[in-house]
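The values are calculated or read from the model by the stated rules, or taken from the named source; none is laboratory data. Note that the structure is a prediction, hence the values are computed from the model and not measured. Every residue, glycine among them, receives a Cβ derived from its backbone with ideal geometry; neighbour counts consider all protein chains shown.
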Amino acid sequence: MKLDATDLRYVTSDEFRVLTAVEMGSKNHEVVPTSLIVQISGLRNGGVNKMIGELAKRNLVSKVQNSKYDGYRLTYGGLDYLAMRALSKRDSMYSVGNQIGVGKESDIYIVADAEGSEMVLKLHRLGRISFRAIKNKRDYLGKRKSASWMYMSRLAAQKEWAFMKVLHEHEFPVPKPIDQARHCILMEFIDAYPLRQVSDVPSPGQLYSTLMDLIIRFARAGLIHGDFNEFNILIRRDTGEPVVIDFPQMVSTSHENAEWYFNRDVECIRRFFRRRFRYESALYPRFRKTLDDTADGEGFRLDVAVAASGFKQKDMRTLEEVRLCSVYVAPMDDLLSMPVSRIRQRRRGWWRR
Ligand code: ADP
Ligand code: MG
């Protein structure tokens with residue numbers, strides 16, 4: 001999907017009302033009947049039909065012919081538009097530049113504010129890969145797939161935002177969070193290469209211990225990144241310092257599978273250093289030891305701070321369930337060849353807390 005900043009200006013305020021009506025209607029309708037769109041928008045019938053047509057032409061809504069009635073669905077393009085409009089109304093962003101990344105579950109764009117300072121806009125797109133992989137095996141979200149995935153993407157953005165704020169406030173090396181709307185996060189642009197693209201560093205040993213120290217620092221503050229790998233670690237172009245990104249899967253150290261997540265993070269780094277830099281160390285953090293040392297350590301719990309920030313535990317659980325029946329149960333390839341009963345079995349284990 002291409003984002004077009006000029007579109008932000010060419011949608012009239014009435015068209016915007018109609019688009020918002022489609023979004024509101026999607027809360028309890030998979031396909032929003034045209035009559036409901038008219039009703040919610042509070043505009044005249046004839047005018048609304050024409051405007052829906054305009055919005056559909058720009059791919060902000062799409063027409064769905066249902067067996068019972070015709071109606072419309074908000075597209076990701078429409079949701080992107082609504083989020084960007086909210087961000088630009090608050091003067092958080094002004095223009096959209098190039099796409100710099102397609103993540104597993106997001107699109108990343110360079111955007112700028114009115115002064116031309118660059119920032120990063122991350123648009124969450126849950127369900128893109130994870131769902132396709134298991135679509136035939138499970139029907140987790142029932143019939144309202146697209147709306148539900150938009151809702152999940154929103155939760156993912158809210159969760160990521162809550163964690164980024166708390167981490168940034170406590171001076172962890174993460175991008176500065178700037179604003180959040182719907183399924184989007186606006187953050188500081190880091191001039192860096194993903195570790196994945198780095199073939200040479202002055203001292204692999206030093207970088208290795210910096211990264212392991214970070215895992216320990218997270219854990220002492222009650223957190224585990226959960227996806228701590230060469231794609232989510234950026235190496236600053238000027239100083240070579242690492243910056244950590246991508247937080248929708250963070251878990252608390254009191255999560256019942258905390259140790260498993262912790263070990264996986266540690267193992268990702270060890271494996272990458274072995275393969276890329278031929279560097280191996282007998283020293284690496286152990287979960288129990290790290291937590292035991294915490295007793296007389298930091299004295300603050302960021303998992304508690306996040307919980308206090310307003311992102312609900314219930315929503316955290318919902319996201320986790322969705323992730324667990326998609327990518328995070330196992331690597332994608334394993335998942336595809338795994339019998340459904342085993343996926344269920346694994347999920348059951350993970351759900352309990
Ligand atoms: P996903 O959840 O889809 O993996 P990420 O947050 O990891 O999304 O971002 C995907 C890619 O976009 C990263 O690997 C990185 O190259 C780039 N990126 C993300 N955030 C920033 C940022 N703040 N500054 C610079 N590049 C970024
Ligand atoms: Mg990532």
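Restricting attention to region 174-188, and to residues there that are β-branched (Val, Ile, Thr) and either under 19 Å from residue 84 (Cα atoms) or free of Cβ contacts under 8 Å to residues at least 12 places away in the same chain (or both), which single residue is surrounded by the fewest Cβ atoms within 10 Å (Cβ to Cβ)?
Step by step, filter region 174-188, then rank; the result is 178.
Among the residues that make up region 272-283, is at least one of them over 25 Å from the mean Cα position of the chain (by Cα), buried (at least 17 other Cβ atoms within 10 Å of the Cβ) and at pLDDT 95 or above? Looking for residues that are over 25 Å from the mean Cα position of the chain (by Cα), buried (at least 17 other Cβ atoms within 10 Å of the Cβ) and at pLDDT 95 or above, one finds at least one in region 272-283, hence yes. Would you pick out the residues in region 93-110 that are out of contact with any Gly (no Cβ under 6 Å at 6 or more places or on another chain) and among the hydrophobic types (A, V, I, L, M, F, W, C)? Listed by number, the residues that qualify are 93, 96, 100, 102.
Based on what the data block shows, is residue 151 under 13 Å from the mean Cα position of the chain (by Cα) and without any contact (Cβ under 8 Å) to a residue 60 or more places away in the chain? Explain how you work it out, then say what you get.
Working: under 13 Å from the mean Cα position of the chain (by Cα): yes; without any contact (Cβ under 8 Å) to a residue 60 or more places away in the chain: yes.
When the stated conditions are applied, residue 151 passes them.
Scanning region 152-168 for residues that are surrounded by 18 or more Cβ atoms within 10 Å (Cβ to Cβ) and more than 16 Å from ligand 2 (Cβ to nearest atom) yields 152, 154, 155, 158, 162, 165, 166. Every condition in (1) away from ligand 1 (no atom under 16 Å from the Cβ); (2) in a strand (DSSP E or B); (3) hydrophobic (A, V, I, L, M, F, W, C) holds for residue 260 except the one numbered (2). Number of residues in region 190-215 that are under 17 Å from residue 275 (Cα atoms), in a loop (DSSP other than H, G, I, E, B) and either within 16 Å of ligand 2 (Cβ to nearest atom) or free of Cβ contacts under 8 Å to residues at least 40 places away in the same chain (or both): the value is 4. Within region 216-240, take every residue that is of a type in the set (D, E, K, R) and touching a strand residue (DSSP E or B) at 6+ places or on another chain (Cβ under 8 Å) and give me the one that is nearest to ligand 2 (Cβ to nearest atom). If we take residues in region 216-240 being of a type in the set (D, E, K, R) and touching a strand residue (DSSP E or B) at 6+ places or on another chain (Cβ under 8 Å), then 230 is nearest to ligand 2 (Cβ to nearest atom). Residues in region 67-114 that are in contact with a strand residue (DSSP E or B) (Cβ under 9 Å, 6 or more places away or on another chain) and within 16 Å of ligand 2 (Cβ to nearest atom): 99, 100, 101, 102, 103, 105, 106, 107, 108, 109. Is it the case, given these coordinates, that residue 171 is touching a residue at least 60 places away in the same chain (Cβ under 8 Å), away from ligand 2 (no atom under 16 Å from the Cβ), out of contact with any helix residue (DSSP H, G or I) (no Cβ under 6 Å at 6 or more places or on another chain) and farther than 23 Å from residue 106 by Cβ? Here the answer is no, as residue 171 does not meet what is asked. Of all positions in region 185-195, none carries a residue that is away from ligand 1 (no atom under 12 Å from the Cβ), within 28 Å of residue 318 (Cα to Cα) and aliphatic (A, V, I, L, M). Among residues of region 252-263 that are crowded, with 20+ Cβ neighbours inside 10 Å, those with a Cβ under 8 angstrom from a residue that is β-branched (Val, Ile, Thr) and in a helix (DSSP H, G or I), sequence gap 6+ or separate chain, pair up as 262/215; 262/290.
Quick check: anything in region 173-184 of a type in the set (Gly, Ala, Ser), farther than 30 Å from residue 29 by Cα and at pLDDT 95 or above? Checked against the condition, which is being of a type in the set (Gly, Ala, Ser), farther than 30 Å from residue 29 by Cα and at pLDDT 95 or above, region 173-184 yields no hits at all.
Table: residues versus (1) more than 20 Å from the chain's Cα centre (by Cα); (2) charged (D, E, K, R).
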position: 158; (1), (2): no, no
position: 167; (1), (2): no, no
position: 178; (1), (2): no, no
position: 187; (1), (2): no, no
position: 216; (1), (2): yes, no
position: 220; (1), (2): yes, yes
position: 227; (1), (2): no, yes
position: 241; (1), (2): yes, yes
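Condition check: within 22 Å of residue 169 (Cα to Cα) and away from ligand 1 (no atom under 16 Å from the Cβ). Does residue 228 satisfy that? Criteria not met by residue 228.
Counting only residues that are in a loop (DSSP other than H, G, I, E, B) and either of a type in the set (A, V, I, L, M, F, W, C) or in the same structural domain as residue 246 (by the TED database) (or both), how many does region 149-178 have?
Total meeting the criteria: 2.
If you check residue 74 against the conditions, is it touching a residue at least 60 places away in the same chain (Cβ under 8 Å), farther than 29 Å from residue 229 by Cβ, in contact with a Lys or Arg (Cβ under 8 Å, 6 or more places away or on another chain) and away from ligand 1 (no atom under 11 Å from the Cβ)? Judged against the criteria, residue 74 is not a match.
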